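*Asks:* Below is the structure I would like to discuss, written out as structure tokens.
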Amino acid sequence: MPSGSETEAVEAGTTATRATRGRSRIPWRFLGGRAVFYLFTLWAAITINFFLPRMMKGDAVTQYLSRNRNVSPEAAEALRSLLGLDTDKSLWQQYLDYWALLLRGDLGVSLLHGLRPVTEVIGQSLPWTIGLVGFATIVSFAIGTIGGAIVGWRRGSRLDALIPVTTFLSTIPYFWLGLLAIALFSVNLGWFPIGKAYGVGMSPEFSPEFIGQVIHHGTLPAATIIIASLGGWMLGMRNMMLTVLDEDYVMVAEAKGMPRKRVLWGYAARNAVLPQIQSFALSIGFIVGGTIVMEMVFSYPGVGKLLLDATNAKDYALMQGVFLVITLSVLLANLLADIAYAFLDPRTRQTEA
């Protein structure tokens, strides 16, 4: 016969007691501490973002002059001043000017893209990356987490064979998996286009034909991302399920005769998924910058390819703008994960308090 505290723990779905549950409404102290930490991290990342490109040899103007030798010295100096590379200013003054422009939302202009504003250049590439890789990451996380929970719940069954299969697929280098998918489904079978985000001659517009083109072109790269990342999610969730199933509150729930589905999803999976949330936040954060290989293999227009081109051209403003977007996305994703973690697991708030 379970004791009163055990019964309360089972009803809560965690090892926390009813008293703790009653106190944990909005963890302001926890959220405030996290906010201060992430603000400091943001300042450090922006500072490194400013100084790191300037430690590289050469700059965007030098690269531009090597390709266009008919530019006058006066025009070259005007370009340096426009891009914040004025040699008459100290590095410290350039840093202060960079912060002043940043606080006004001005990320500068991109020499690589004909002096277009960096915000405009990134704004055209960002939706493609978020739409494709974001969708693929969410689908992979959902399938892997649900599948891993079921495999862990039915340990010792034939479903265990899914783990080595998905793990093997995740060990294949992504570019190789993408090339195999192109060779099979695009070249041989002709089911999907080889690359690009939409067909030749199409212009971006909100129409059924254009949306159909985007889905058709994005299916193959999205499928390869899902296949390549599915094994990690499934293996991680399955291992956590094996650990959680030995906990007392799961045993008590089963001993009370609760429905197996309720024990699985309400108690076991609910607690086993907590470590997955942090990993998922990191994956969401790195969606913006972790797609260079995919975009090169499938010739897909996105932020990853944009960052690679900016690095090769030493386009400081564009590099800093892309790095800033990546930094903000990672920090925001981690902050949201911390908030979700705090509400799902009261023990986190107890530890931080």
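The values are calculated or read from the model by the stated rules, or taken from the named source; none is laboratory data. Here the structure is a predicted model, which is why all the values come from computation and not from measurement. Positions of Cβ are generated from backbone atoms using ideal geometry, with glycine treated the same way; all protein chains shown enter the neighbour counts. Please note that ligands, DNA and RNA were not included when accessible areas were found on the heavy atoms of the full protein model with its side chains. Shrake-Rupley method; radii C 1.70, N 1.55, O 1.52, S 1.80 Å.
*Asks:* Please list 3J(HN,Hα) in residue order for segment 141-154, calculated via the Karplus relation 6.51 cos²θ - 1.76 cosθ + 1.60 where θ = phi - 60°; whole Hz, with x for glycine and proline.
*Replies:* Listing the rounded values in order: 5, 5, 5, x, 5, 5, x, x, 5, 5, 5, x, 5, 9 Hz.
*Asks:* Scan around Phe192 for amide H atoms under 5 Å from its own, H built in the peptide plane at 1.01 Å from N, and keep only partners 5 or more places away or cross-chain.
*Replies:* Long-range HN contacts for Phe192: Ser186.
*Asks:* Let me ask something else about it. Where the accessible area of segment 116-349 is counted over protein heavy atoms with a 1.4 Å probe, how much of it, in %, is carbon and sulfur? Can you show the working numbers first?
*Replies:* On the way: 7700 of 11070 Å².
So the carbon and sulfur contribution to the accessible surface is 70 percent.
*Asks:* In a shell of Cβ-Cβ distance under 12 Å around Asp160, excluding Asp160 itself, what net charge do Lys and Arg (+1) and Asp and Glu (-1) give?
*Replies:* On the way: positive: Arg154, Arg155, Arg158, Arg238; negative: none.
With Lys, Arg at +1 and Asp, Glu at -1, the net is +4.
*Asks:* Still on this model: To the nearest 0.05, what FRET efficiency results for Arg155 and Leu282 with a Förster distance of 22 Å applied to their C-beta separation? Intermediate values should be presented prior to the final figure.
*Replies:* On the way: r = 27 Å, r/R0 = 1.24.
Given R0 = 22 Å and the Cβ-Cβ separation, E is 0.20.
*Asks:* Ordered by packing density, taken as the mean number of other Cβ atoms within 10 Å over each peptide's residues, highest first, how do 189-195, 35-41 rank?
*Replies:* Working: 189-195: 14.4, 35-41: 12.4.
Ranked from most to least packed, the peptides come out as 189-195, 35-41.
*Asks:* Related question: Counting only heavy atoms of protein chains, what accessible area per residue, in Å², does segment 116-349 have with a probe of 1.4 Å? Don't skip to the answer; put the middle values down first.
*Replies:* Working: 11070 Å² over 234 residues.
Result: 47 Å² of accessible area for each residue.
*Asks:* Taking H placed 1.01 Å from N in the peptide plane, check which residues at least 5 places from Leu115 or on another chain put their amide H under 5 Å from its amide H.
*Replies:* Ser110
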